[in-house]
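Shown next, in structure tokens, is the structure this report addresses.
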Amino acid sequence: MGNITASEVNKLRQMTGAGMMDCKKALTECEGDFEKAIDYLRKKGQKVAANRADKEAKEGMVWAQLSQDKSFACIVSLSCETDFVAKNDEFTGLVRQMAEKALATKAKTVEEVMALNLDGRTVADHITDLVGKIGEKMEVPAYAYLEAPAVFCYNHNGNKLATLVAFDKADAKPEVGHNVAMQVAAMNPIALSEKEVPADVIAREMEVAKEATRAEGKPENMIEKIAMGRMNKFYKENTLLHQEFIMDGKMSVADYVKANGAAAICDFRRVQLGA
């Protein structure tokens, strides 16, 4: 085949988003066959990803998206190596597209998100292409969703942290939902209430509480009771419903919600980059 023309290079660039020189090389190597050239570029991206597998991808973007009827919300996280790339328009645009598509399809897992169809190709393919173009490791470290009568989301400044909060009634107030979502972002609760705290966490904290009580020289017959008191403090600090409300330390989150309507919190999610 003859020389590759500039219009052909530009066409491939528009199709793939790859750099001009990369597109020219791909078309040259593939003798002008666009399908083979696209595969060539994809393989290049996969090679870059493999070469950078040992790199740390601590930067990136976390983005929460809410459905119009407020019954479903999701959080997509895409990581990269540098903050410079995390602010790149193509990178942030892909994250937003991923969130919109995950929302539209009500995706439930990372695997489902990676397999989503964006413009005729999978999310995984788009990420691979971007790795090939930019040259940094990228991955989806976390994905979360909530489905309930009412769901609210919060994107923290900087897009490194996002939260979701679900309520058991559709008439939950948006202001309440927003404030509780901010509470989750700020205070990082480990569970909704003591009932949802994992058994192994309870056992570990109880053991720590007992040892701390013994170290204070308390009588052995009082150890259990005092340790239980310490556990109640642990629940107050680490479970959402019992935490002090950040906007009014005189009440708990549960008290705040109850004072502002009949809807109750039924679940939450928190995704933070690097956490």
Task: Which numbered condition Gly274 misses (of (1) touching a helix residue (DSSP H, G or I) at 6+ places or on another chain (Cβ under 9 Å); (2) more than 30 Å from Lys169 (Cα to Cα)) - done: (1)
Open item on the list: Out of Ala170, Ala275, I need the residue that is hydrophobic (A, V, I, L, M, F, W, C), open to solvent by 40 Å² or more (accessible area, probe 1.4 Å) and over 30 Å from Glu139 (Cβ atoms). Which one?
Closed with: Ala170
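Would the range 50-72 turn up any residue that is open to solvent by 10 Å² or more (accessible area, probe 1.4 Å), polar (S, T, N, Q), part of a strand (DSSP E or B) and modelled with pLDDT of 95 or more?
Yes.
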Open item on the list: So, in the range 76-135, exactly how many residues are closer than 20 Å to Gln272 by Cβ and polar (S, T, N, Q)?
Closed with: 5
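So, in the range 111-146, of the ones that are assigned to a strand (DSSP E or B) and over 16 Å from the mean Cα position of the chain (by Cα), which residue ends up nearest to Asp54 (Cα to Cα)?
Once the filter is applied, the top-ranked residue is Thr122.
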Task: Filter result (open to solvent by less than 70 Å² (accessible area, probe 1.4 Å) and within 20 Å of Gln14 (Cβ to Cβ)) within the range 93-122 - done: Gly93, Leu94, Leu118, Gly120, Arg121, Thr122
Open item on the list: With the structure loaded, tell me whether Lys47 is in a loop (DSSP other than H, G, I, E, B), within 28 Å of Val9 (Cβ to Cβ) and out of contact with any strand residue (DSSP E or B) (no Cβ under 6 Å at 6 or more places or on another chain) or whether it fails that test.
Closed with: no
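The values are calculated or read from the model by the stated rules, or taken from the named source; none is laboratory data. Please read all numbers here as calculations on a predicted model, not as lab measurements. Neighbour counts are summed over all protein chains in view; Cβ atoms, including those assigned to glycine, are modelled from backbone coordinates with ideal geometry. Accessible surface is based on the protein model in full, side chains and every heavy atom, while ligands, DNA and RNA are left aside. Shrake-Rupley method; radii C 1.70, N 1.55, O 1.52, S 1.80 Å.
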